[in-house]
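Student: Below: one structure in structure tokens.
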Amino acid sequence: MMLPSQKRVGLLISTLLLSTLSLVSSSYFDDKVDKNKDEEAINAYLTKGNNALGSGNLHSAGRSYEACLRMDPDQRYCLINYASVLVDLNAEESDESMKQQRTKKAQDMLTRVLALHPKDGDAAFNLALLLQDSSNSEEVTREAARLYQVAVQAADTDGEERWDALANMAAAKQEIGEFMGEYGAIRAYERVIVMLEEMVQDKEAYLTQNGNNFENEQYQYLEAELRALNEYLSTLYYGYGTVLSELSNSDCKALQSEDSLLIDWVEPFVKGSGTEKENETDEASANHVCKMNAINALRLAVDLNSENVVAEHMLAALTEGDIGKGRASNEFVSALFDDFAETFDAKLEALGYKVPGLVGDAAKELLLSSGQSSYRSALDAGCGTGLAGRYLRPLVEGSLVGIDLSKKMLDLAAQCTLSKGCGLKDEEAASAAKEDNKPLYDHLASLDLETTTLKEVGAEVGFDIIAAADVFVYFGDLQKLLSNFAKLSDSSGPHGAFLIFSCERIEEEEDSKWKLQKSGRYAHSKSYVVNTAANAGYKLVAYDEITPRYEKGEPVKGHLFRFSLGKDQDAKDEL
């Protein structure tokens, strides 16, 4: 699966707009009204609303902006600030219907401003935030990226620095794959990083020069501000490093002609006369420089924030280092999927993700071949949001247990019922014979798969079947994991126990086992998986090469394994 781009800047509409409007609230500038309208009264309502908004009196501010808009429905600043009030009111609202109404009204107001003033940066920035908060679809992300660019261009025209718009534009452009150009992800990351580096330097100098003059509480507050800036810089360096690592050879070469703010072109280049071979060599050299700068950016991300475990893991992937003794750390997996939880299903659907269905089909085939009508119990190992659980549930008569490190993923899985959620489309849920609110899972727990015990999941005996959909990509060395799966299985019955899992594939080569790829995921050779499983007591039942998903339009190489444990049959000659 894809690694997420970093989070956008939080919703800071009121603060942002007040800092802008404090300079313009007493006049219209280019927003002239009809002579029949009372300009003085409209300006008075605008000023009154701004003052109330500044003091935190949202309802009073809203009434003032409403009065302003009754006199002039197109008054730009009343529209923008009233939209801000509606968003702020939602922060204290528990009624979801009311929240949706306010959000829709705020979006309509900002859309109205942009219809009248297409280059209004504040309206564009705020509308982009609202759109991204309402949906994570590619279409919305693309529109948000366009709006953030409007905000950045407006600031550029006015000679201002909008680091918030630049940061959000960089992340959105990265997500939709627009890396290059004046307003592409690379340039945006470079600009905002330079801005924040200067802010950090200024704040450090201020603290050094004036530290002795501050009370202890005030000094701690300023230190906390500096720490927060460095943590956000860490996030930006992570984004910048991952973009550089994803560039094609030709894009890296094209960067040479751009005036980069951060890339150090120190490596020697082979400059040919333009033949195809010479151009390929030149592009490969440029790609090497991109990779070196990506590594440097990720190192800076880790240096600035030692708790940025995602950057740490990606740094290890790019440097072919070993992290977590042959597996991704629990902190990395938890942080990655907590951040990714809300968009997980939609992102994977866009990538043509097929593994949950393949696992479900395999579980059904094993069930039929064993002559059983259902599994007594099943473990969905690394269950995530429950996509595989949806396929396993109809096959399991007893307990279906889900384990995952990400608590946010588990929260989403816990919302799934037999007739709703966990990959079930709305139209499929609507066509169900009757609504069944019984939970999809009988038990969910946040545990480490390598050390989980039956007692921790409330099971007295082991599972008939364990399934792991796209989980092994976060483990390199599989010995401990497979050995623990054997301990969690009940192989005493006449049919033994089954294990199904997918992983990414590397070709069979001498001494090939597994490797940490540039994507941050591990890939394994077939022979290594089969031999390691055999050491844990498993016999290979069936095997397929699969395409678990597509990335950048290219199929990802994978394989799907089916093993038995304790069953009296010989493994098939699959090697």
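The values are calculated or read from the model by the stated rules, or taken from the named source; none is laboratory data. Keep in mind that what you see is a predicted model, and the values were worked out from it rather than measured. Positions of Cβ are backbone-derived with ideal geometry, glycine not excepted, and every protein chain shown enters the neighbour counts. Surface accessibility is based on the protein's heavy atoms, side chains included, excluding ligands, DNA and RNA. Shrake-Rupley method; radii C 1.70, N 1.55, O 1.52, S 1.80 Å.
Student: Give 325, 271, 277 a once-over and let me know the one that is at pLDDT below 85, under 30 Å from residue 481 (Cα atoms), open to solvent by 70 Å² or more (accessible area, probe 1.4 Å) and of a type outside the set (Asp, Glu).
Tutor: Matching residue, one of 325, 271, 277: 325.
Student: OK, next. Within the range 131-142, does at least one residue satisfy the condition of being under 19 Å from residue 175 (Cα atoms) and among the aliphatic types (A, V, I, L, M)?
Tutor: yes
Student: Among the listed residues 529, 541, which satisfies the condition of being closer than 30 Å to residue 455 by Cβ, aliphatic (A, V, I, L, M) and in a helix (DSSP H, G or I)?
Tutor: On inspection, the qualifying residue turns out to be 529.
Student: Name every residue in the range 132-160 that is outside any helix (DSSP H, G or I) and either on the phi > 0 side of the Ramachandran plot or touching a helix residue (DSSP H, G or I) at 6+ places or on another chain (Cβ under 6 Å) (or both), in order of residue number.
Tutor: 136, 159
Student: So which of 249, 230 ends up being within 26 Å of the chain's Cα centre (by Cα) and within 23 Å of residue 309 (Cβ to Cβ)?
Tutor: Exactly one of 249, 230 is within 26 Å of the chain's Cα centre (by Cα) and within 23 Å of residue 309 (Cβ to Cβ), namely 230.
Student: Within the range 98-122, how many residues turn out to be among the acidic types (Asp, Glu) and farther than 18 Å from residue 153 by Cα?
Tutor: Here the count works out to 1.
Student: Here is a follow-up. Can you confirm whether residue 564 is among the polar types (S, T, N, Q) and either part of a loop (DSSP other than H, G, I, E, B) or under 25 Å from residue 353 (Cβ atoms) (or both)?
Tutor: No, not satisfied.
Student: Considering (1) out of contact with any helix residue (DSSP H, G or I) (no Cβ under 7 Å at 6 or more places or on another chain); (2) among the basic types (Lys, Arg); (3) surrounded by fewer than 16 Cβ atoms within 10 Å (Cβ to Cβ), say which one residue 364 fails and leave the rest.
Tutor: That leaves (1) as the condition not met.
Student: Let me ask something additional. Answer yes or no as to whether residue 346 is in a helix (DSSP H, G or I) and either crowded, with 19+ Cβ neighbours inside 10 Å or modelled with pLDDT of 85 or more (or both).
Tutor: Judged against the criteria, residue 346 is not a match.
Student: Which condition number in (1) on the phi < 0 side of the Ramachandran plot; (2) modelled with pLDDT of 90 or more; (3) not in a helix (DSSP H, G or I) is the one that residue 181 fails?
Tutor: It fails just one condition, (1).
Student: What residue, among those in the range 136-150 that are more than 15 Å from residue 111 (Cβ to Cβ) and not β-branched (Val, Ile, Thr), is most open to solvent (accessible area, probe 1.4 Å)?
Tutor: Here the residue is 139.
Student: What pairs come out if I take residues in the range 374-394 that are touching a residue at least 24 places away in the same chain (Cβ under 8 Å) and pair them with residues that are open to solvent by less than 10 Å² (accessible area, probe 1.4 Å) and of a type in the set (S, T, N, Q) whose C-beta lies under 9 Å away, six or more apart or interchain?
Tutor: Short answer, once both residue conditions are applied: 379/452; 381/452; 384/406.
Student: Another question, if that's okay. Looking at 120, 95, can you tell me which residue is under 19 Å from residue 79 (Cβ atoms) and either surrounded by 19 or more Cβ atoms within 10 Å (Cβ to Cβ) or free of Cβ contacts under 8 Å to residues at least 40 places away in the same chain (or both)?
Tutor: Only one candidate qualifies: 120.
Student: If you don't mind, another one. Report the residue count in the range 238-264 for those that are out of contact with any helix residue (DSSP H, G or I) (no Cβ under 6 Å at 6 or more places or on another chain), under 25 Å from residue 317 (Cβ atoms) and either modelled with pLDDT under 70 or among the charged types (D, E, K, R) (or both).
Tutor: The qualifying residues number 3.
Student: Turning to a different aspect of this structure: Among 483, 491, 446, which is the only one that is open to solvent by 30 Å² or more (accessible area, probe 1.4 Å), closer than 20 Å to residue 387 by Cβ and not aliphatic (A, V, I, L, M)?
Tutor: Just one listed residue meets the conditions, 446.
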